[in-house]
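*Asks:* This is the structure I have questions about; it appears just below.
Values quoted throughout were computed directly from the atomic coordinates according to the rules given, and no laboratory measurement underlies them. Because the structure is predicted, anything quoted here is derived from the model rather than measured. Note that we place each Cβ from the backbone using ideal geometry, even for glycine, and neighbour counts take in every protein chain shown.
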Amino acid sequence: MSLPTFASGHKKMFAKVQLVSILAEFAGTFLLTFFVVAGMLIPFFQDNFFNQLLLCLSIGILTFLATFFFYPISGSHYNPAISVGFFIANRIGFNRLIAYTCMHVAGGILATFLGFYLFSQKGGTISGMFIKPTVLGYEEGLMLSTVCQSVLMFIILLLFLGLTYLKKSKLYVASIMAITVFMANFVNMSITNYPLNPAVTAAELLIYGNHEAIEALSLWLSPFAGAGLAGIIYYITFIRPIN
């Protein structure tokens with residue numbers, strides 16, 4: 001994939017982005033993040049395993065609803081890593097990438113601070129899922145966390161790109177993605193204590209700041225690595241025009 005080929009494939013990269021699609025991405029990211037934060041701050045069970053299971057189920061359900069209703073409008077990314085992967089795969093232009101990423105980060109930060117303000121006192125104590133995971137306390141654990149997030153995001157994005165390439169119905173896409181996101185987040189949170197979304201992770205790291213710089217960068221950047229690889233593989237294999 002040469003640079004001129006990549007650039008020519010993005011000849012419409014500065015095309016105008018519709019406001020409604022930007023608002024849909026903001027709304028979807030805000031709702032997903034808000035309910036994640038609320039679920040973390042108000043544990044329903046004494047056992048963190050069941051709290052994590054319930055939280056991941058809620059993420060899956062919200063992913064289904066947001067994708068089902070907003071997919072025809074914006075494409076239902078709700079995750080900056082997804083948008084980066086779609087850009088590399090030549091599925092969106094540069095303007096849409098920047099607009100979506102800004103909305104993801106803004107929605108994630110706003111929802112996190114709002115959720116923390118509303119529920120941190122009601123929860124009594126911070127949920128164990130916000131505590132720095134012991135796996136990051138040693139070098140091998142940090143590597144495990146990095147690989148886990150990269151691989152899971154690679155699977156999610158490659159599946160998403162494939163479903164949209166095949167032009168499946170929004171019900172089909174929403175159902176498959178909801179199940180995949182639920183399973184991926186459950187595995188990822190078992191290791192890292194964070195959802196598989198850099199927008200959410202960035203907001204939570206801003207609030208708690210209980211990680212070393214290398215740990216924070218790993219938690220935030222790993223999903224982009226997996227998404228980028230998925231985008232490259234898709235671009236080389238399928239090469240579709242920009243939407």
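*Asks:* Which FRET efficiency, nearest 0.05, do F94 and F50 yield, Cβ-Cβ r, R0 30 Å?
*Replies:* 0.10
*Asks:* Now for a separate question. Starting from one equal scatterer on each C-alpha and no solvent at all, send me the Debye-based log10 I(q)/I(0) for region 143-200 at q = 0.20, 0.21, 0.30 Å⁻¹, two decimals.
*Replies:* Summing over Cα pairs of region 143-200 leads to -0.73, -0.78, -1.21.
*Asks:* Length gain on complete extension for the stretch C102 to L19, per 0.36 nm per residue less the alpha carbon to alpha carbon distance?
*Replies:* Contour length minus the Cα-Cα distance gives 28.6 nm.
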